[in-house]
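Take a look at the structure below.
The values are calculated or read from the model by the stated rules, or taken from the named source; none is laboratory data. Remember, it's a predicted structure, so these values are computed and weren't measured experimentally. Note that we place each Cβ from the backbone using ideal geometry, even for glycine, and neighbour counts take in every protein chain shown. Remember, those area values only see protein heavy atoms, side chains included, never the ligands or the DNA or RNA. Shrake-Rupley method; radii C 1.70, N 1.55, O 1.52, S 1.80 Å.
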Amino acid sequence: MARKVVGIEQHGSWSDTEYLLERCKNFFGLGVLDKYGQMGVDALEITTPKKTGLTSRSWYYELVQESKDKIVIRWNNSNIQNGVHVAVVLQLGHATKSGSWVEGRDYISPALEPIFEMIGQNALKEIRGTADE
């Protein structure tokens, strides 16, 4: 049985691809991420269930440089009562002192999903060179 040899040749450069990837990298600078971080805080404040309002006013965000090429927006809530993160028990549910169960309410995902959508749409516009800003 005869052996078949397959060869691949490449002509030209990768400059268009490198340009596109550089645009992607530059789009996600700290200034842009700050904008989305604050938008997330604002959305979470609006959607957080309110009894006293403390939890809804306690949202903040951090930009965390996890590596040379990775920056993460981390949304946090500083309302902690007796070691319990109130925002988490509102989301997931909790037991009461009398032993009954208070059902959680998914309010975090619906607040942040439009922000994630906006980041994706604006990143695509930037990459394609059609960004409004």
Just to confirm my filter: which helices (runs of 4 or more DSSP H) fall fully inside the range 27-133 and include at least 3 residues that are surrounded by 11 or more Cβ atoms within 10 Å (Cβ to Cβ) and touching a helix residue (DSSP H, G or I) at 6+ places or on another chain (Cβ under 6 Å)? 30-47, 108-128
Within the range 79-96, is even one residue polar (S, T, N, Q), in contact with a strand residue (DSSP E or B) (Cβ under 9 Å, 6 or more places away or on another chain) and under 30 Å from Tyr19 (Cα atoms)? no
Going by the conditions given, is Leu20 in a helix (DSSP H, G or I), open to solvent by less than 50 Å² (accessible area, probe 1.4 Å), under 20 Å from Ile119 (Cα atoms) and modelled with pLDDT under 95? no
